[in-house]
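Data first, discussion second: the structure below is written as structure tokens.
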Amino acid sequence: MLKYLMKRSGIYLIMIFLTTSAGYFLAVSSLKPAVLEQEKIPRPTPEQVAASFRGLGLDPDLNPWERYIQWLWGIITRWDWGRSPNGAFVNAEFADRVLVSTRLFIASIILTLIIGVALGVYSAARQYKFQDRVITSYSYLVHILPAPIAYFLVQLGAISINEAVGERIFFVTGISTPGIEPGWPAFVDLVAHYAVPTFAMTIFGWAGYQIAQRQYLLDNVNADFVRTARAKGLTRNQAIRKHALRVSFIPVAQSIAFTIPAIFTGGFFAEAIFAWPGIGLWSIQAISLQDVNVATATLAYGSVIFAIGAILADFATTLVDPRVRVQ
């Protein structure tokens, strides 16, 4: 197992390096922060802009290869991912952004997976009954509903509840209230800020898992091994629970391993709408601000997370599929 893990990790490290390097060359060739800097009022001279960027390690007079070597050497020797055009250190802000994204998504990911898989099993066991039609119809509806619209609808609902009650119970934006007292008031404030985004991402996020789990389970309900189990005396629900469910969960487990990093790296809609300054929103802002180092750092982070997801997918397959063993 350890040998397999090291081999896979080595392959993904090479892929991460190549992806990040290609991303840096693309960013440094297309993003021009000096142009934005010269649009400020009062407008600085090109010499002033070049001198300022030179002190930040963003010398516009260097060619892409020279800047890449300078940037890569800083990472290798000091683990320094550079600075933004505004002078901020990428390392410091990166850690804060990752923490915000983790706080925002961890609860919704867990709830989405549990509820989605459970509803998929529940609806498959009641195929074409009223419960199955209601659950599956809802899943198809929210599956095609754009995420920004869905999140805005939840925001409007929370605002309506606040107005009906006459006081603010739910916070629709932000991660905390400034100046809140530590202890119980801080905990209540945290829950109030978590409630709306977590609820929104959960009720609109389980649809894909419910549809997939239902379809995969129905594909195996009438398989030979399930019919054999029923012929030996098991009820339909017992045969599904003990035999069909495990086989049907194999492709779902693989998709889960890849979906989790996709949520962490691509959840900029939720971060933007609910005003949580996480890694996804930061990556979009980096492009608009022509920030080469931040754009490359978020690309590297996404590559690492997806590599971890690929390894988790392999392990998930070995756990739920007895036919597969890691040699």
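Read-outs throughout are calculated quantities, based only on the coordinates presented, and are distinct from any laboratory measurement. Note that the structure is a prediction, hence the values are computed from the model and not measured. Quick reminder, even Gly has a Cβ in these numbers, built from the backbone with ideal geometry, and neighbours come from all protein chains shown.
With a/c under 1.5 counting as rounded, go ahead and sort region 184-242 into rounded, prolate or oblate using the C-alpha gyration tensor (a ≥ b ≥ c being the square roots of the eigenvalues; past the cut-off, prolate if a/b is larger than b/c, else oblate).
prolate
Once both axes come from the Cα atoms, what is the angle between helix 2-30 and the longest principal axis of the chain, in degrees from 0 to 90, rounded to 10?
It is inclined by approximately 50 degrees.
Which of rounded, prolate or oblate describes region 164-215 when judged by the alpha-carbon gyration tensor and an a/c cut-off of 1.5?
Working: a/c = 3.78, a/b = 2.42, b/c = 1.56.
Because a/c hits 1.5 or more and a/b exceeds b/c, region 164-215 counts as prolate.
Within a Cβ distance under 10 Å of residue 277, other residues only, what is the Lys/Arg minus Asp/Glu net charge? It would help to have the intermediate numbers written out before the result.
Numbers: positive: 97; negative: 93, 96, 271.
My count for the surroundings of residue 277 gives -2.
Lys/Arg Cβ at +1, Asp/Glu Cβ at -1, dipole of the chain taken about the Cα centre: which of 259, 217, 53 is farthest positive-ward?
217
Each residue of region 216-233 in order: what ³J(HN,Hα) in whole Hz does its phi give by Karplus 6.51 cos²θ - 1.76 cosθ + 1.60, θ = phi - 60°, with x for Gly and Pro?
5, 5, 5, 5, 9, 4, 9, 5, 4, 5, 6, 5, 5, 4, 5, 5, 7, x
Beta carbons within 10 angstrom, averaged per residue: use that to sort the peptides 283-293, 174-184, 146-156, highest first. Can you show the working numbers first?
Details: 283-293: 19.4, 174-184: 10.5, 146-156: 15.1.
Listed from highest to lowest mean packing, they are 283-293, 146-156, 174-184.
Quote the charge dipole size of the chain about the Cα centre in Debye, to the nearest 20; the model charges only the Cβ of Lys and Arg (+1) and of Asp and Glu (-1).
Working: 26 positive and 20 negative charges, 392 e Å.
The dipole magnitude comes to about 1880 debye.
By the gyration tensor of its Cα atoms, with a ≥ b ≥ c the square roots of the eigenvalues, what is the shape of the chain: rounded for a/c under 1.5, prolate for a/b over b/c, or oblate? Mind dumping the intermediate values first?
Values: a/c = 2.80, a/b = 1.53, b/c = 1.83.
Verdict is oblate for the chain.
Might you report the magnitude of the Cβ-based charge dipole of region 1-82 about its Cα centre, with Lys and Arg at +1 and Asp and Glu at -1, to the nearest 20 debye? All intermediate terms of the calculation are to be shown ahead of the outcome.
Numbers: 9 positive and 7 negative charges, 107 e Å.
Its charge dipole is roughly 520 debye.
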